[in-house]
Amino acid sequence: MSIKNKILVILETRKGEYISGEEIATELKISRTAIWKWIKDLRNDGHKINAVTNKGYSLDTLNDVLSVAGIKLFLQDQKLAENIVLQKIVDSTNQVAKKIAIDGNADKTIVLAEEQTAGKGRLGRSFFSPSAKGIYLSIVLKPNLNLENATLITTATAVAVCQAIEKVAQVKAEIKWVNDVLVKRKKVCGILTEAVLDFESGNIDYVIVGIGINFNNKKKDFPEDVQKVAGSVFSGDAGSVTRNQLVAEVVNMFFAVMEKVGDGKFMEEYKKRSVVLNQHVEFLDKNEMIAATAIDIDNGGELVVRLENGEIRSLNSGEVSVKGNFYHE
Ligand code: BTN
C-alpha cells in the first residue's frame, strides 16, 4: 500500500479525531515534512482534512470522498479491498469492467468511479451520474452457473442493494420488477447486468453487474425528465454516513447473496420487497399496451401476470408500470 493510502487509513480509522503529525510519522517511519506533503496531496484529491497546531490532523466527519481505505473499514472480506479499481471519472464503470474482464483473471474485480460521463441504463437509456453524488459500481463475476441462473444474478443484486441501504440509512427499500430499488416510492438504484462471452464457445465468460445508486441528490439535481421517478437514499444530507460505507455494505451483501443464487432462497425476500406483486400493471407487447395483474414472480425471476381475458403470461424482461399514482410526489 502506498504511503498516501496508509495515511488515509490512519485518518479514516480515527475519523473526527486529531492525530499528531509526529504520531503518524513514527508509525509510518517517515518525516513530518513528508506527512505534510501527503496531506496536501490528499486535500488535492478532495479529502477534507482539518489541521490544528499542536493537535495535528483530523479527517472531517463529513468527508465523503471514495477511497479504498474508507471502503475497507466496512468490508467483511478484507481481501476484496485489493480488487477495487477506483477512478475519478470514466465513461461507464461497466465499460471499464468489461475491458478488465476481457484481459482475464478478473473474478470479483470491483470498479468504482466518482463520476460517469456515459453511464448506461437498461433498454438503451442513460444513467445520470454526477460527480460525488452517487455510487457507480461494477462487479465482475465469473459465474459458475448456467445462463438461467446468470439472469438471477441481477435479481439477487437488487435484494443485496436493499439490505445494504436499509443497514446504512435505516429506510425501507423495495423492488420494482425487474430490478429498480425504490425508497419512498422513488427509484434510488438501477442495475444493469451485462455478459462478456467467450468468443469460441459462446458461453458466458464473465458477468458485469453494474449498480448505480443515487446517494444524496436533491430533486432539482435530477434531469427534468426523471424528476418524478428518481430519488436518493438520502435526500440531500447524509450526515456522517458516507458513500464508502454504502459501497462496502453493497459489496458485503452482494457476495453473501451470491452464495444463495443457485438455490434461489433469496427469491422469498425479493417477493416480500416487490411493489409490483398483486398490483394492476401495464406492459408493452409489440407496440401495444396490455393491462394485467401481477400474480407471482417465479423462481427464475419471471413476472407472472394475468391478463384481463384470463390468460396467464410470464414476462422475462422489459418493464412494467404500476397503474395509479405510483410514484409519490
Ligand atoms: C437502469 O436502471 O436502467 C440501470 C442503471 C445502471 C447504472 C449503473 S452505474 C454503474 C454501472 N455503469 C454503467 O454505465 N451503468 C451501471
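Every read-out reported here was derived from the displayed coordinates using simple, explicitly stated rules and does not represent laboratory data. Please read these numbers as outputs of a predicted model, since none were measured by experiment. Backbone-built Cβ (ideal geometry, glycine too); neighbour counts: all protein chains shown.
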Please work out whether segment 212-275 counts as rounded, prolate or oblate from its C-alpha gyration tensor, where a ≥ b ≥ c are the square roots of the eigenvalues and a/c under 1.5 means rounded, while otherwise a/b larger than b/c means prolate and anything else oblate? oblate
Placed amide H near D91: partners under 5 Å, 5+ positions off or other chain: T117
Give me the three principal axis extents of segment 1-114 from the C-alpha atoms, as integers in angstrom, largest value leading. 51, 24, 24
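Specify, per residue and in Å³, the volume enclosed by the convex hull of the alpha carbon atoms belonging to the chain.
Working: hull volume 46.9 nm³, N = 329.
Per-residue hull volume (Cα only) is 143 Å³.
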Could you sort out which of K219/K323; K88/K176; K142/K219; K40/K133; K167/K271; K120/K220 sit more than 27 Å apart by Cα distance in this structure? K88/K176; K142/K219
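Taking K and R as +1 and D and E as -1, what net charge do the other residues with C-beta under 13 Å from the C-beta of Y206 add up to?
Numbers: positive: K98, K99, K108, K142; negative: D103, D107, E194, D198, D205.
For residues surrounding Y206, the net value is -1.
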So who's got an amide H within less than 5 Å of the one on F127, skipping anything under 5 residues away but keeping other chains? H placed 1.01 Å off N, in plane. G119, K120, G121
Using θ = phi - 60° and Karplus 6.51 cos²θ - 1.76 cosθ + 1.60, couplings along segment 60-69 (whole Hz; Gly, Pro as x): 4, 4, 8, 4, 9, 10, 5, 8, 5, 4
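What GluC sites (Glu not before Pro) in segment 197-269 are in a loop by DSSP, with at most 13 other Cβ atoms within 10 Å of the Cβ? Don't jump to the answer; show the numbers that get you there.
Numbers: sites: E200, E224, E249, E259, E268, E269; in loops: E200, E259.
Here the sparse-neighbourhood loop sites are E200, E259.
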Surface/4 estimate of mean projected area, convex hull on alpha-carbon atoms of segment 55-183, nm²: 10.1
Residue by residue through segment 89-96, the couplings from Karplus 6.51 cos²θ - 1.76 cosθ + 1.60 with θ = phi - 60°, in Hz, x for Gly and Pro, are 9, 9, 5, 8, 5, 5, 5, 4
Using just the helices of the chain, give the 222 nm mean residue ellipticity in deg cm²/dmol: DSSP H runs with n ≥ 4 each add -39,500 (n - 2.57), and the total is spread over all residues, rounded to 500. -9000 deg cm²/dmol
